1. Per residue of segment 36-42, in order, report the coupling 6.51 cos²θ - 1.76 cosθ + 1.60 (Karplus, θ = phi - 60°) as ³J(HN,Hα) in whole Hz, putting x for Gly and Pro.
2. Could you put 66, 38, 56 in order, starting from the residue whose Cβ has the fewest other Cβ atoms within 10 Å?
3. Enumerate by residue number the GluC sites (Glu not before Pro) in segment 41-110 meeting two conditions: DSSP loop (anything except H, G, I, E, B), and at most 16 other Cβ atoms within 10 Å of the site's Cβ.
4. Once you treat every alpha carbon in segment 35-117 as an equal point and sum by Debye, what is log10 I(q)/I(0) at q = 0.13, 0.17, 0.18, 0.23 Å⁻¹?
5. Extension gain residue 31-residue 104, at 0.36 nm per residue separation less the Cα-Cα distance, in nm?
6. So which trypsin sites (Lys or Arg not before Pro) in segment 21-117 end up in coil per DSSP with only 15 or fewer other C-beta atoms within 10 Å?
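Please treat every number below as a calculation from the coordinates, not as lab data. Owing to the predicted nature of the structure, the values given are computational and were not obtained by experimental measurement. All Cβ positions, even for glycine, are placed from backbone atoms using ideal geometry, and neighbour counts span all protein chains on display.
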Amino acid sequence: MPFRIWILLLLTHQLVSTVYSATQCQSHKHEPHLLCRMCGHEIAKGSSIIRKKSSMALSSFNLTVMNNDCLVQLFENGVPEQFDVFTVTQADLALSGKPTTALSWFPGYAWTAALCP
């Protein structure tokens, strides 16, 4: 099985939202997750966040996300729209379309659209 990194967009109007605070997680004995803003589906665990740097990033900054040091990188697509992005090792998402390396923000990696399952 090929290694995958998942790219999550960090925009207020996008799909990802962090909703469990550290206190809530301790009281519920539940690891913090990133949730789909539309339906609340658990997309990725906080422990799956990785720092995967890309030479294609316009800029980057560090951010603490669910008590994890997170590298957030700014990318621009061809429209042009800009996206703040961070990466995780595992995500519960449905892939849509055939993966392609064309216009990849991470050289050597293919991408495809991912949707909440």
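1. With the stated coefficients, segment 36-42 comes to 5, 5, 7, 10, x, 4, 6 Hz.
2. Neighbour counts put them in this order, fewest first: 38, 56, 66.
3. Answer in residue order: 81.
4. -0.46, -0.81, -0.92, -1.39
5. Length gained, residue 31 through residue 104: 23.2 nm.
6. Listed in order of number, the matching sites are 29, 51, 53.
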